[in-house]
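Student: There's a structure below that I have some questions on.
The values are calculated or read from the model by the stated rules, or taken from the named source; none is laboratory data. Because the structure is a prediction, the values reported are computed rather than measured. Cβ placement follows ideal geometry from the backbone for every residue including glycine, while neighbour counts extend to all protein chains displayed. Ligands, DNA and RNA are stripped out before the accessible areas are found, and what is left, the full protein with its side chains, is counted by its heavy atoms. Shrake-Rupley method; radii C 1.70, N 1.55, O 1.52, S 1.80 Å.
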Amino acid sequence: SALLKRGAFAATTDKVSLARRVLDHATRGAQLRPDPHGGPSLSSSTRLFVPTAFGGDPSGATDSTNALIAARDASMKAFGEPMAEGIVSLGGAGVDLAGGAYLTSAPLTWPGLVGDVTALTGGTLTASSTFPRGNYVVEIGDADCDAGVQGSCNEFVSLTSIFIDAGRVAAGCVRIIDTMGATVTDAFFVGFVEAGLRVDGGHETLLSDAWLAEVYWDDDPPGNSSSVGVLLDGNDHSLDNVVLFDYATVGVVVNNPAAVLSNVHSWNGGGVGIRLNADQARLEHCYLDYDTLEIAVCDQVVVQDTFFLATYAAITGDAATACSGLRMRHNTFAGLDGPSVRVVESNPSTSRVVDSSTKIADDVVIEDDAGDHVVSTTVRKAVDLAPYRAVPVALDFADDLAFPEIDYVQITGLANDTHACLSPADTGWSIVNGTTLLFENPSLLDGCTTLFVEVRQG
């Protein structure tokens, strides 16, 4: 089905008719039946409540806020089985849009201490022009709830097969607060001002098979926006198969430890695809498409099997003066003008060369990468000595190394590629300017035709 643009639900008769046909198809054969607890339902399940049963308009032409809230309230009566730390199970009850497109002027909220909830499924929700600007279209959890041992007041809350348009009025599309095991899947979020998805606290929110954009690719981006696609302010959250495009500032911001980002594709954004402000983050199989990866904390951060198109990894913030424990392996850089890993000022628009007397890298591995202008923490070179007869040999690794200091050197010399001509005990070389290996006495290399040099950092 075609994706309808922001505010389009009342724009033309054709689109209204399309929404009605979608609803008719989705609900054909469904029977209006009483719920055991007194609430009506149009869903095939008595635990899912459809706003049309409460007077909602599935065409999106008129406001359905009261019907959405009524459907939510009906689902809150469904069950009362206990879960962890006072959380009450609703047995999968929730709100089913049944293919309809609904307009709302208030957030659809779910309180703390409920679990096993289908918060929203199966349709489109759009913020009206009077929607409160500080709220998200869907809000799960309560910031004032006593979150208990695990820091979570909700457990297993799902949003599936949804299209949410914040209309550039609401702060964002979905906000999840202090929730354990929220799942958001098969989703398209658009029109957000602050964030498409914001996660505050909790554990293990899973976002998958989702697209997020502040505006559509054929719209002009607003000049005063600072939007973020996904904002993670809790531990252990995960993104998989997520596409972020046409946002104003950053695609994904990670502010707490142990996030996992897999198959995340960022394109046409505000310049930064992913920003890591916390340790223990893992990036795998991601695609930075003209949008930079920013690493502000290095400790136990892993970046591997990731594709960088015309962009690079930037070590920023505190990590620019003390980077420890970073692992970057098997990444590919293409169409890049300049080094693949850069240390940048707090102003991300400017790069700087770190003073060679300052050691910023410790226990950092950047290796086995491929592509244009790749830099690393371990570099191996074979050097033909023919041009250096009777002159000092100076091998500069500045363009090959991620950081401006060599910590380890191993040298092997061969004569005619057959036997060693240089003893490991020979010490007629020195490191100058942090990244240059200098043989001041050429006679040390008499009889050698090739040098094999390995240098390392950290």
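Student: I need the full set of residues from region 143-179 which are part of a strand (DSSP E or B), among the charged types (D, E, K, R) and farther than 18 Å from residue 94 by Cα, in order please.
Tutor: From region 143-179, those part of a strand (DSSP E or B) are 154-165, 172-177, 179; that's our starting set.
Those left that are additionally among the charged types (D, E, K, R): 155, 165, 175.
Result: 165, single match.
Student: Scanning region 63-96 for residues that are more than 14 Å from residue 46 (Cα to Cα) and touching a helix residue (DSSP H, G or I) at 6+ places or on another chain (Cβ under 8 Å), which turns out surrounded by the most Cβ atoms within 10 Å (Cβ to Cβ)?
Tutor: Residue satisfying both the conditions and the ranking: 64.
Student: Additional query: Just one of the numbered conditions (1) in contact with a Cys (Cβ under 7 Å, 6 or more places away or on another chain); (2) more than 24 Å from residue 88 (Cβ to Cβ); (3) not small (Gly, Ala, Ser) is not true of residue 136; which one?
Tutor: (2)
Student: I've got another one for you. List the residue pairs whose Cβ atoms are under 8 Å apart, where the first residue sits in region 162-175 and is touching a residue at least 24 places away in the same chain (Cβ under 8 Å), the second is surrounded by fewer than 24 Cβ atoms within 10 Å (Cβ to Cβ) and of a type in the set (Asp, Glu), and the two are 6 or more positions apart or on different chains.
Tutor: Listed by first residue and then by second, the contacts come to 162/186; 171/194; 172/194; 174/139; 175/139; 175/200.
Student: Looking at (1) more than 19 Å from residue 362 (Cα to Cα); (2) in contact (Cβ under 8 Å) with a residue 40 or more places away in the chain; (3) among the hydrophobic types (A, V, I, L, M, F, W, C), which is the one condition that is false for residue 323?
Tutor: Residue 323 satisfies every listed condition except (1).
Student: Out of curiosity, is residue 251 within 16 Å of residue 207 (Cβ to Cβ) and surrounded by 20 or more Cβ atoms within 10 Å (Cβ to Cβ)?
Tutor: It is true that residue 251 is within 16 Å of residue 207 (Cβ to Cβ) and surrounded by 20 or more Cβ atoms within 10 Å (Cβ to Cβ).
Student: Just for region 361-390: of the residues that are of a type in the set (Lys, Arg) and open to solvent by 80 Å² or more (accessible area, probe 1.4 Å), which one is nearest to residue 302 (Cα to Cα)?
Tutor: Step one: list which residues in region 361-390 are of a type in the set (Lys, Arg), which gives 380-381, 389.
If we keep only those that are open to solvent by 80 Å² or more (accessible area, probe 1.4 Å) as well, we get 380, 389.
Details: 380: 23, 389: 44 Å.
Among those residues, the one meeting the criterion is 380.
Student: Also, quick follow-up: Report yes if some residue within region 450-458 is touching a Gly at 6+ places or on another chain (Cβ under 8 Å) and surrounded by fewer than 20 Cβ atoms within 10 Å (Cβ to Cβ); otherwise report no.
Tutor: Yes, region 450-458 has at least one match.
Here's the yes/no breakdown for (1) part of a loop (DSSP other than H, G, I, E, B); (2) over 18 Å from residue 261 (Cβ atoms); (3) touching a helix residue (DSSP H, G or I) at 6+ places or on another chain (Cβ under 6 Å); (4) open to solvent by 20 Å² or more (accessible area, probe 1.4 Å):
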{"position": "186", "(1), (2), (3), (4)": "no, yes, no, yes"}
{"position": "192", "(1), (2), (3), (4)": "yes, yes, no, no"}
{"position": "196", "(1), (2), (3), (4)": "no, no, no, no"}
{"position": "219", "(1), (2), (3), (4)": "yes, yes, no, yes"}
{"position": "225", "(1), (2), (3), (4)": "yes, yes, no, yes"}
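Student: Ok, one more. If I ask for residues that are outside any loop (DSSP other than H, G, I, E, B) and within 12 Å of residue 211 (Cβ to Cβ), which ones from region 240-278 would you list?
Tutor: Matches in region 240-278: 241, 242, 243, 244, 245, 251, 264, 265, 266, 267.
Student: Among residues belonging to region 97-146 that are open to solvent by 30 Å² or more (accessible area, probe 1.4 Å) and on the phi > 0 side of the Ramachandran plot, point out the one that is modelled with the highest pLDDT.
Tutor: Here the answer is 116.
Student: Report yes if some residue within region 82-93 is touching a Leu at 6+ places or on another chain (Cβ under 9 Å), modelled with pLDDT of 95 or more and outside any loop (DSSP other than H, G, I, E, B); otherwise report no.
Tutor: no
Student: A further question follows. Can you tell me which residue within region 315-339, out of those that are of a type outside the set (A, V, I, L, M) and in a helix (DSSP H, G or I), is surrounded by the fewest Cβ atoms within 10 Å (Cβ to Cβ)?
Tutor: Residue satisfying both the conditions and the ranking: 318.
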